[in-house]
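**Student:** One structure, pasted below without further comment.
The values are calculated or read from the model by the stated rules, or taken from the named source; none is laboratory data. In this text the structure is predicted, and so the values were computed from the model without any measurement. Cβ coordinates were reconstructed from backbone atoms using ideal geometry, including for glycine residues, and neighbour counts include every protein chain displayed. What goes into the accessible areas is simple: the full protein's heavy atoms, side chains included, and nothing from ligands, DNA or RNA. Shrake-Rupley method; radii C 1.70, N 1.55, O 1.52, S 1.80 Å.
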Amino acid sequence: MDLIEHARAVRENAHAPYSKFKVGAAIKTASGAVFSGCNVENVAYPEGTCAEAGAIAAMCAAGEYEIAEIAVIADSPTPIPPCGGCRQKIAEFANAAVPVTLGTIAGETQVTSVSALLPGAFDASHMA
Ligand code: THU
């Protein structure tokens, strides 16, 4: 199954009663394992978490820390770009060339990369 289809499936479980905007994300690691996440909103709005954050948390909980590929999907008119915070979160676990597939429920996809989404990322080298 394509990674975007995993993202599409997990999106069904999103808890988005406030925005009504369901998002799904799926990560493949070098081992071939797939980890999925959906957005989970909270009545205290800032406490909500994005789909990408959920997928990253699932990956880490399984003891994996290296994203080989990531896909994000939503019912948006154009392929959904990850929010700024999620770009930073993804960059923590992915090298610059890692492909990021952005999709719509209608079936449009766009493939970009971590470095295209977050050029000049702040990373641990800046803390040396
Ligand atoms: N959202 C994500 O899950 N990922 C993104 O990259 C963009 C935004 C969620 C957060 C919130 O639950 C809803 O979409 C509307 O912003």
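**Student:** Could you run through the range 87-108 and say how many residues are over 16 Å from ALA53 (Cβ atoms) and in a helix (DSSP H, G or I)?
**Tutor:** 0
**Student:** While we're on this one: Of the conditions (1) closer than 20 Å to MET1 by Cα; (2) crowded, with 21+ Cβ neighbours inside 10 Å, CYS86 fails just one. Which one is it?
**Tutor:** The number of the failed condition is (1).
**Student:** Next question, about the same structure. Do we find that VAL111 is surrounded by 19 or more Cβ atoms within 10 Å (Cβ to Cβ), part of a strand (DSSP E or B) and modelled with pLDDT of 95 or more in this structure?
**Tutor:** no
**Student:** Something else: Among (1) open to solvent by less than 40 Å² (accessible area, probe 1.4 Å); (2) more than 13 Å from the chain's Cα centre (by Cα); (3) more than 14 Å from the ligand (Cβ to nearest atom); (4) modelled with pLDDT of 95 or more, there is one condition ALA121 misses while meeting the rest; what is its number?
**Tutor:** Among (1) open to solvent by less than 40 Å² (accessible area, probe 1.4 Å); (2) more than 13 Å from the chain's Cα centre (by Cα); (3) more than 14 Å from the ligand (Cβ to nearest atom); (4) modelled with pLDDT of 95 or more, ALA121 violates only (4).
**Student:** Also, I was wondering about something else. Tell me, please, whether a residue that is of a type in the set (A, V, I, L, M), away from the ligand (no atom under 14 Å from the Cβ), out of contact with any helix residue (DSSP H, G or I) (no Cβ under 9 Å at 6 or more places or on another chain) and farther than 17 Å from ALA9 by Cβ can be found in the range 90-98.
**Tutor:** no
**Student:** Determine which member of the set ALA106, ALA61 is over 18 Å from ALA9 (Cβ atoms), over 11 Å from the mean Cα position of the chain (by Cα) and surrounded by fewer than 19 Cβ atoms within 10 Å (Cβ to Cβ).
**Tutor:** Criteria check complete, one pass: ALA61.
**Student:** Somewhere in the range 92-103, is a residue in contact (Cβ under 8 Å) with a residue 40 or more places away in the chain, among the polar types (S, T, N, Q) and crowded, with 19+ Cβ neighbours inside 10 Å?
**Tutor:** Yes - at least one qualifying residue is present in the range 92-103.
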